[in-house]
Amino acid sequence: MIEIKNLTKSYGSIKAIENLNFKINKGEVVGFLGPNGAGKSTTMKIITGYMAPTNGMVNVAGYDVFENPIEVKKRIGYLPEVPPVYLDMQVDDYLSYVAQLKQVPKGELSKKVQRAIEKTYLGDVRKRLIGNLSKGFKQRVGIAEAIVSEPEILILDEPTVGLDPKQVAEIRTLIQTLSGEHTVILSTHILPEVQATCKRIIIINKGKIVAEDTLEGLNRKMRGSHQILLKVKNVSDLLKVQLKAVNGVLEIQDRGSGNLVIDTMEPDDIIMERIAQVSIQFHAGLMELRHLEGNLEEIFIKLTSNV
Amino acid sequence: MLNTSMIIAKKEIRTNLKGPGFYIILFLFTLLISFVSYQTVMMLKIKSQMPSVPGADDGVNLHSGFVAQLVYLIHFMLLLFVPAMTSFSFAEERKTRTMDLLLTSPITSFDIVIGKLNASLFLVLSLLGISFLYPLSLSISASLDWSLLISSYVGLFLVAAVYVAIGLFSSAISTSVIVSYVIAVVLNLFCIFVVWTSQTSENPLVRDIVNHISISKHLTDFIQGAVQVSGIVFLLSMIVFFVFLTQRVIESARWK
C-alpha cells in the first residue's frame, strides 16, 4: 500500500530524515515511534504529499506522490500535529466542507459526515462552534476530519495528545475498529498507545530507522529470552533453588520486595504451571504470576540512546 | 477544477457572512460613503448656485460633478478596505494551521487561490453594490448618464479586483494579518503614486510606460467613458500576474 525508498529530507544542512526505507501493507496498523524531533512528522508530511523530499521515492496505492499527488491525496486521511480546524465553523459544517474538499460525491455527503460524527462521539457538539470546544473535542474533530471521506489510508500524527484518559481509551478503540478497513500509520511518543493499537512498530531516531518489527519480535530481539514475573510473600533461598530446577528456567533475578523475575527459554505455559506449583509447595505465598511482555519503554530507550 | 475552487469560495463567503467582521466593514463603508456622497451633492449645489463664468462650459454636470467625484472617493476607500478583507485569506490559514488541510486535500494550489479570489470578489461586489445605491437614488430626481455610470463601475470593479489580487499575494507571504494588510496597502498606493514619475521624468519612453502602468490613469479613462482595450488588458494582466505569484508562494510551502 505504501512504499518508501531512500527517502531523505534536509532543511538546509540539517538532515531531518535520511535514507528511510519501509513498506506498509494494506490493512496494517503501524506505529511510528520516536523521540521528539526524530523526523516522524516530516516523514508523514512527505507521504501525504504536503511536502516534497530532498531525495527518494514514495509510492501510495500504486501512485507516485510527486507525479500524481491528487490521486494520492484522495486516498489519504491526515491528522496533523495541530488539528486543522476552523474555529469559526460549526462541527458538522466543517466536516461537510472537508468531505467536499476530499471529493466525496454530493449524495453521500451527509451519510459520511454522520458516520464520522458517530465514530468520534461528536453528536452532542455537532452544532457548536469549534472555537468554543475544549482541546480534547478539537482533537476529536481533527480525527473526524481524517476519517470523514473514508480514505484507504489514515495518517495520524499524535492523535491522542490533549485527551483525557477516557477519551484516550475511546480513540484507541476507534483506531482498532478502523484497522480492518483502513491502513493506519500512527505516530506517537506515548508507548502504551503503540502497545495497545499497533501490530507493527517502526522506531525512528535522528532521521534513521533503528528497528522495525512486531512488538513480540522486538521483545525477542532485545532480550533473547522470555521473562516471567513471580511475586511471593516469602522469598527464600530454597524457593530460588527449586525454581531454578524447573525445566526451561534460565535465570532468576531477585528484584526485592518479593518480586522475582524469571528468565525462561520460551513463553511456555507448562513452565508457568510448574512455577506456580513450586511456590505453593514451598509455602511461599503466591501473590502474582504473569508473563513480562511488551515493555516497550525499555526497548525504546535502548534503541534510541544507542545511536 | 472549477468545482473545487467553488467549494472553497462558498465556504469563505459563508464564514464571512456568519462572522461580525464583514458586517463591521460593510457598516463603516456605508457610513463613510453616506458622508462623502452627501458632501459631494452639497458641493454640487453650491457650485450650481454660483454665477456661471462666460466661456467656461462646465455648468452643472451630474456626471463630472457627482458620479466621477464619488467614484474617485470609492476607489480611495477600496484601496484601504480591500486589503482589510483579503489580509486574512492566507495569513490566518497559515497561523491556525488549516493550510495543512488545504494542502493535503486533493485540490491544486491554483484551485485554492482562485477560490479565495472569487470569495473576495464577491465581497467587493457587495460593497460596490451598496455604493451604487447613491447615484441610483439621485436618478430619481435627475437624469444620469447611465452608460458613463456603468463604465465607471466596470472600471471600479476591475481596479478593485487588482487590489484583491494584490491583497491575496500579500496575505500569502506573511503569517501576520497586520503585516499583510500593510504590505497590501503599500503596494496599492504604489500603483497609484507611480503616476507622478510621468510628471517628473524627462525620458518620453519612461513617461509612456509609467502612464500605462498607472492604475488611476486607467480608472480615469473608465470614468470618462474612454474605455480602451489596452486598459482592460492591463488590469486583467495585473490580476493574472498577482494570482500567479500567489499560487507560486502557496506552492513553495512544499519545498521548504
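No value in this document is a laboratory result; all are computed from the given coordinates. Keep in mind the model is a prediction, meaning the values are calculated, not measured. Neighbour counts run over all protein chains shown; Cβ positions are idealised from the backbone, glycine included.
From other protein chains only, count the Cβ atoms within 10 Å of every residue's Cβ in A:82-89, then give the mean.
Shielding by partners across A:82-89 averages 6.
Modelling each spin label as a point 7 Å along the Cα-to-Cβ direction, I'd like the B:Leu205/A:Ser236 distance in nm, to one decimal.
11.0
In segment A:1-93, what GluC sites (Glu not before Pro) fall in a loop by DSSP, with at most 11 other Cβ atoms inside 10 Å? Can you show the working numbers first?
Working: sites: A:Glu3, A:Glu18, A:Glu28, A:Glu67, A:Glu71, A:Glu81; in loops: A:Glu28, A:Glu67, A:Glu81.
Hits after loop and neighbour filter: A:Glu67.
Just want the ordering: A:Thr43, A:Thr54, B:Thr40, from fewest to most Cβ atoms lying within 10 Å of their own Cβ.
Least to most surrounded, the residues fall as A:Thr54, B:Thr40, A:Thr43.
Pairs to check: A:Lys135/B:Lys95; A:Lys244/A:Lys302; A:Lys9/B:Lys256; A:Lys45/B:Lys11. Give those whose C-alpha atoms are more than 22 Å from each other in this structure.
The answer is A:Lys244/A:Lys302; A:Lys45/B:Lys11.
For peptide B:3-14, what's the mean number of Cβ atoms from other chains within 10 Å of each residue's Cβ?
Whole-number average of other-chain Cβ neighbours for B:3-14 is 2.
Give me the one-decimal nm value for the distance between modelled label points at A:Val82 and B:Leu31, 7 Å along each residue's Cα-to-Cβ direction.
Reported label-point gap for A:Val82 and B:Leu31 is 3.3 nm.
Within 10 Å of each residue's Cβ, count the other Cβ atoms and sort B:Cys191, A:Cys198 from fewest upward. Walk me through the numbers before you get to the answer.
Working: B:Cys191 19, A:Cys198 24.
Exposure proxy ranking, most exposed first: B:Cys191, A:Cys198.
Determine the dipole magnitude for segment B:1-148: charges of +1 sit on the beta-carbon of Lys and Arg, -1 on that of Asp and Glu, nothing else is charged, the reference point is the Cα centre, and the result goes in debye to the nearest 20.
480
Any idea what the dipole of chain A comes to, in debye rounded to 20, about its Cα centre with Lys/Arg Cβ at +1 and Asp/Glu Cβ at -1?
The dipole magnitude comes to about 480 debye.
In debye, nearest 20: dipole of the protein assembly as shown around its Cα centre with unit charges on the Cβ of K, R (+) and D, E (-)?
Dipole magnitude for the protein assembly as shown comes out near 340 debye.
What list of ³J(HN,Hα) couplings, whole Hz, do you get for segment B:206-221 from phi and the Karplus terms 6.51, -1.76, 1.60, once you set θ to phi - 60° and write x for glycine and proline?
4, 4, 4, 4, 4, 4, 6, 8, 7, 5, 5, 5, 5, 4, 4, 4
Could you go through segment B:166-171 in sequence order and give the Karplus-derived ³J(HN,Hα) for each residue, using 6.51 cos²θ - 1.76 cosθ + 1.60 with θ = phi - 60°, rounded to whole Hz, and x for Gly and Pro?
Once θ is set to phi - 60°, the couplings for segment B:166-171 become 5, x, 4, 4, 4, 5 Hz.
Full extension from A:Lys302 to A:Arg128: what is 0.36 nm times the residue separation minus their Cα-Cα distance, to one decimal in nm?
58.1 nm
Say the dipole of the protein assembly as shown comes from +1 at the beta carbon of Lys and Arg and -1 at that of Asp and Glu; which of A:Ala196, B:Ile209, B:Phe169 then lies farthest toward its positive end?
After comparing all options, I get A:Ala196.
Using a 10 angstrom cutoff on alpha carbons, build the Gaussian network for chain A and name the most mobile of A:Thr48, A:Thr197, A:Thr177.
A:Thr177
List the extent of the Cα atoms of chain A along each of their three principal axes, largest first, rounded to whole Å.
73, 47, 30
If you take each beta carbon of peptide A:49-62 and count the beta carbons of other chains within 10 angstrom, what is the mean? It would help to have the intermediate numbers written out before the result.
Numbers: counts 5, 8, 6, 5, 0, 1, 0, 0, 0, 0, 0, 0, 0, 0.
Mean partner shielding for this stretch: 2.
Evaluate the relative contact order of chain A (contact order divided by residue number), counting alpha-carbon pairs under 8 angstrom at least 6 apart; express in whole percent.
19
Please give, to one decimal in nm, the separation of the simple spin-label points placed at B:His212 and B:Phe193, each 7 Å out from Cα toward the Cβ.
Result: 2.4 nm between the two label points.
Hey, fewest Cβ within 10 Å first, where do A:His182, A:His283, B:His218 land in order?
If I rank by nearby Cβ atoms, fewest first, I get A:His283, A:His182, B:His218.
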